[in-house]
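Single-structure report; data block below.
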């Protein structure tokens, strides 16, 4: 499983990388949304994890860019990983094209459960143990 995590905070990337290592997943990193979009151009990812608040382009805008692509990469499953607690946050993320939202600090069980659910909904497989 190839995962892209678009997140500006190095420690958050490291924590999630350690969790994904447990599951045997490979994680690529992007420090901002623009770099993340370039990585999506270059590679095929099983799933994208994305923060909302980053310098430059925010996560919602990046999700809209991904969903507006004219190719198969527009359908990559996307999970928002955020510390934002706005009341309408989940609805805004889903309206932009995210498949799920999980909150920081990221708990391993919440991450794996979300990834498994999203992948199962998308293609009938990909459950994370």
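Within the range 107-129, restricting attention to residues that are modelled with pLDDT of 95 or more and in contact with a helix residue (DSSP H, G or I) (Cβ under 7 Å, 6 or more places away or on another chain), the residue that is nearest to residue 51 (Cα to Cα) is 111.
Give just the number: which of (1) over 19 Å from residue 1 (Cβ atoms); (2) in contact with a strand residue (DSSP E or B) (Cβ under 8 Å, 6 or more places away or on another chain) does residue 69 not satisfy? Result: residue 69 fails condition (2) only.
Please state which one of 24, 56, 36 is under 18 Å from residue 97 (Cβ atoms) and either surrounded by fewer than 18 Cβ atoms within 10 Å (Cβ to Cβ) or within 14 Å of the chain's Cα centre (by Cα) (or both).
The match here is 36.
With respect to the conditions (1) assigned to a helix (DSSP H, G or I); (2) touching a helix residue (DSSP H, G or I) at 6+ places or on another chain (Cβ under 6 Å), residue 92 lacks only one, and its number is (2).
Among the numbered criteria (1) assigned to a helix (DSSP H, G or I); (2) free of Cβ contacts under 8 Å to residues at least 40 places away in the same chain, which one does residue 118 miss? Answer for residue 118: the failing condition is (2).
Does the range 57-74 include one or more residues that are closer than 18 Å to residue 9 by Cα, touching a residue at least 12 places away in the same chain (Cβ under 8 Å) and not in a helix (DSSP H, G or I)?
Looking through the range 57-74, at least one residue is closer than 18 Å to residue 9 by Cα, touching a residue at least 12 places away in the same chain (Cβ under 8 Å) and not in a helix (DSSP H, G or I).
It is to be established whether one or more residues within the range 5-18 are under 21 Å from residue 117 (Cβ atoms), touching a helix residue (DSSP H, G or I) at 6+ places or on another chain (Cβ under 9 Å) and surrounded by fewer than 18 Cβ atoms within 10 Å (Cβ to Cβ). No.
Being buried (at least 16 other Cβ atoms within 10 Å of the Cβ), under 17 Å from residue 117 (Cα atoms), touching a helix residue (DSSP H, G or I) at 6+ places or on another chain (Cβ under 8 Å) and in contact (Cβ under 8 Å) with a residue 12 or more places away in the chain: is that true of residue 80 here? For residue 80, the condition - buried (at least 16 other Cβ atoms within 10 Å of the Cβ), under 17 Å from residue 117 (Cα atoms), touching a helix residue (DSSP H, G or I) at 6+ places or on another chain (Cβ under 8 Å) and in contact (Cβ under 8 Å) with a residue 12 or more places away in the chain - is met.
The values are calculated or read from the model by the stated rules, or taken from the named source; none is laboratory data. Keep in mind the model is a prediction, meaning the values are calculated, not measured. All Cβ positions, even for glycine, are placed from backbone atoms using ideal geometry, and neighbour counts span all protein chains on display.
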